[in-house]
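The values are calculated or read from the model by the stated rules, or taken from the named source; none is laboratory data. On a predicted model such as this, the values are computed, not experimentally measured, just so you know. Note that we place each Cβ from the backbone using ideal geometry, even for glycine, and neighbour counts take in every protein chain shown.
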Amino acid sequence: MTKTILITGASSGFGRDTAETLAAAGNKVFAGARNIAGRNRAVADALRAKGIEPIELDVTSNASVDAAIATLNAKSGGKLDVVINNAGIASAGVSEGFTPEQVRDVFEVNVFGVQRVLRATLPMLRGKGDGLVINIGSILGRVTFPFFGLYGASKFAVEALTDSYRYELSQLGVDVVLVQPSAYPTNMYAAVQKPADAQRGAAYREIGAIPGKMFETFAAMFAAKNAPDPHDVAEAVAKLVATPKGRRPDRVVVGRAYGADTINAAVTPVQRKVVDGLGLGALATVEG
């Protein structure tokens with residue numbers, strides 16, 4: 001069955017691959033990206049050539065998100081089945097070296113952007129009592145790598161946000177799933193945000209040199225013959241889209257878990273007990 005799908009951050013990386021994969025499966029895909037008439041014009045043209053509808057969308061702007069959804073509404077005839085919150089930026093380095101403005105930038109995209117897009121799109125899904133929301137989180141929303149703490153903090157926030165939406169929307173026919181990718185060779189790592197205040201990192205002496213060594217390790221891993229394939233994420237998302245409502249897992253780890261899968265398994269019964277204890281156990285199952 002053909003679905004109408006919106007995916008954010010679709011100009012490159014997981015987003016673009018997922019958009020192309022879902023379109024190839026016969027879905028109508030709207031690929032949200034910034035500057036599709038400027039810097040990303042060639043990308044937009046390439047997406048159109050594959051039957052994908054590029055749409056101007058900046059998740060950090062209320063006006064941009066609202067305009068994008070209005071455009072989607074007009075072009076799809078009011079149809080929307082799946083929302084994929086993929087837009088994100090990475091951040092790595094000595095935590096003290098990041099300015100508050102840098103941290104705000106990370107949360108603006110990775111957390112507030114999810115909320116903006118859901119506020120704009122959920123009325124369409126709720127209105128028909130059906131739909132799927134997929135939030136792209138990270139294994140770093142479950143486990144913590146030193147020097148990735150600020151990025152991880154944003155992904156920990158997405159964990160809580162996703163769980164709450166899952167409960168709140170379950171009786172309205174909308175499924176909510178979190179995908180937790182591991183480290184993959186995408187341009188998100190190439191464009192990773194680094195501390196603006198380098199002097200703070202230098203004050204950590206040999207510890208301050210560790211992030212650079214970690215980047216070298218990841219670069220070597222990504223360049224190896226057995227490097228992790230970023231297409232794994234697109235395939236995982238496509239599988240979720242094709243899975244019938246009510247049969248989808250709450251979370252899906254993609255790639256090397258680093259223990260995130262163990263934490264998922266341990267937390268699930270605890271979380272269920274909490275919700276049951278509140279007398280809200282019925283919210284744990286999505287209505288068909």
Response to the item:
When the range 41-81 is checked residue by residue, the ones that are under 13 Å from S11 (Cβ atoms) and buried (at least 20 other Cβ atoms within 10 Å of the Cβ) are A44, L47, I52, P54, I55, L57, D58, V59
Item to complete: With the condition kept exactly as written, say whether any residue in the range 9-19 is within 25 Å of F222 (Cβ to Cβ), among the β-branched types (V, I, T) and modelled with pLDDT of 95 or more.
Response: yes
Item to complete: Could you tell me whether any residue of the range 212-233 is assigned to a helix (DSSP H, G or I) and basic (K, R)?
Response: yes
Discussion item. For the range 223-239, which positions are modelled with pLDDT under 90 and in contact with a helix residue (DSSP H, G or I) (Cβ under 8 Å, 6 or more places away or on another chain)?
Written reply: A227, P228
Worksheet entry | Neighbours by Cβ (under 8 Å, 6+ apart or cross-chain): first from the range 213-240, under 29 Å from A25 (Cβ atoms); second part of a helix (DSSP H, G or I) and of a type in the set (F, W, Y) | F222/Y189; P228/F222; P230/F14; V233/F14; A234/F14
Discussion item. Is it the case, given these coordinates, that V106 is surrounded by fewer than 22 Cβ atoms within 10 Å (Cβ to Cβ), in contact (Cβ under 8 Å) with a residue 60 or more places away in the chain, not in a loop (DSSP other than H, G, I, E, B) and not hydroxyl-bearing (S, T, Y)?
Written reply: yes
Worksheet item: Given the structure, is G51 of a type outside the set (A, V, I, L, M, F, W, C) and in a loop (DSSP other than H, G, I, E, B)?
Response: yes
Practice prompt. Could you please let me know if P146 is in contact (Cβ under 8 Å) with a residue 24 or more places away in the chain, surrounded by fewer than 21 Cβ atoms within 10 Å (Cβ to Cβ), in a loop (DSSP other than H, G, I, E, B) and touching a Pro at 6+ places or on another chain (Cβ under 8 Å)?
Written response: no
Worksheet item: What do you reckon, is S95 in contact with a Leu (Cβ under 7 Å, 6 or more places away or on another chain), surrounded by fewer than 21 Cβ atoms within 10 Å (Cβ to Cβ) and not charged (D, E, K, R)?
Response: yes
Worksheet item: Hey, among Y151, Y189, which residue is part of a helix (DSSP H, G or I), at pLDDT below 95, over 30 Å from K245 (Cβ atoms) and out of contact with any Lys or Arg (no Cβ under 7 Å at 6 or more places or on another chain)?
Response: Y189
Practice prompt. Go through (1) surrounded by fewer than 17 Cβ atoms within 10 Å (Cβ to Cβ); (2) outside any helix (DSSP H, G or I) and name the single condition G127 misses.
Written response: (2)
Fill in: Complete set of residues in the range 1-40 that are surrounded by fewer than 23 Cβ atoms within 10 Å (Cβ to Cβ), among the aliphatic types (A, V, I, L, M) and outside any helix (DSSP H, G or I)
M1, A25, I36, A37
Response to the item:
For the range 43-58, pairs from a residue that is under 12 Å from D17 (Cβ atoms) to a residue that is surrounded by fewer than 17 Cβ atoms within 10 Å (Cβ to Cβ), with Cβ under 8 Å and 6 or more apart or across chains, are K50/A24
Response to the item:
The condition of being basic (K, R), in a helix (DSSP H, G or I) and over 27 Å from L125 (Cβ atoms) holds, among R200, R166, only for R200
Worksheet, complete the sentence: Exception for R119 within (1) outside any helix (DSSP H, G or I); (2) at pLDDT 95 or above falls at (1)
